[in-house]
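Accompanying notes for the structure given below.
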Ligand code: NDP
């Protein structure tokens, strides 16, 4: 028997409830690899799936947790053998499939990535989907020409998970990082992980009818969207790119005009972590092991256990989680 966070749905009221529950190996779904999970994380999507699901979860009982890292216990796939350290993010694990809030998981071998040298399972989960996606964004900006010395790179939602990791990676690579936050009390934290400039959220939350604003940013990692992304696009320097990751501030790009694209050659790069092909996953995890300083990563970590998850799920939906939560499932 082992412990997992199980979400059940009351068919009559439609209400869901999450509780730590004992399961057996026979309860696990089919898959080619059984993993002894060591750590998981809390991402925005986890907040949704620990709660009512927002349409992401189709079948109950459900085990949420979009990320996991652990050791292979059993494998019928040649690529993995018992003892291998692995990490899993995306592929709708934790939403359409059972996820990482468990001491044992059975998964499809195609979803796994071997842990790169230099990262242990705890560090991998300090990174998690949020940090992995932040690295995909940095790689996309680099692939579109961003280099240190080009000017300040803006990170929105900077005190959150995606924003914190993006800030630390960019700073480590030698970029000036301007961190947008709605939590001024997080300034010392943001500076400690590498931000050189703090931008108050309110400076970017009012839509403007101007077609363009002064050119300021050499790149942007955006976790917020909404009015903020509409404003940021108008402030990008000529020929630069914004990597769009998230929608913490709204699902539409509000107040955006075509002008930054056609007059300044600005690019809007969409970043998806869920269906990312294996080769690019490997590239991103290897870059994370090399370009994310572990002391900065440690400064972002808030430790938690399975029983803390119902509260943490609500907190992340309210924008109240700082940095990265690492869940020790054991
Ligand atoms: P967090 O909740 O940790 O961070 C989001 C941050 O955004 C908050 O900490 C806050 O930062 C800021 N924020 C929250 N609400 C608002 C608002 N109304 N207006 C402006 N800023 C706001 O979440 P994550 O970092 O884990 O995820 C961020 C986003 O990225 C989510 O929308 C998530 O779904 C998405 N995402 C997408 C992925 C992909 O594959 N494309 C993968 C991972 C995440 P501060 O307090 O500093 O202002």
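Quick notes
- Total residues in region 82-109, condition away from the ligand (no atom under 16 Å from the Cβ) and farther than 21 Å from residue 120 by Cβ: 5
- Residue satisfying condition, being within 11 Å of the ligand (Cβ to nearest atom), crowded, with 17+ Cβ neighbours inside 10 Å and modelled with pLDDT of 95 or more, within set 276, 235: 276
- Extreme residue, farthest from the ligand (Cβ to nearest atom), among residues of region 149-173 that are in a loop (DSSP other than H, G, I, E, B) and over 16 Å from the mean Cα position of the chain (by Cα): 149
- Residue in region 45-56 that is surrounded by fewer than 24 Cβ atoms within 10 Å (Cβ to Cβ), more than 15 Å from the ligand (Cβ to nearest atom) and touching a residue at least 40 places away in the same chain (Cβ under 8 Å) present: no
- Any chance residue 248 is buried (at least 17 other Cβ atoms within 10 Å of the Cβ), touching a residue at least 24 places away in the same chain (Cβ under 8 Å) and more than 19 Å from residue 180 (Cα to Cα): no
- Highlighted here are the strands (runs of 3 or more DSSP E) found entirely within region 189-252 that include at least 2 residues which are over 18 Å from residue 158 (Cα atoms): 236-244.
The values are calculated or read from the model by the stated rules, or taken from the named source; none is laboratory data. Bear in mind that the values here come from a model prediction, so they are computed numbers and not experimental data. Neighbour counts are summed over all protein chains in view; Cβ atoms, including those assigned to glycine, are modelled from backbone coordinates with ideal geometry.
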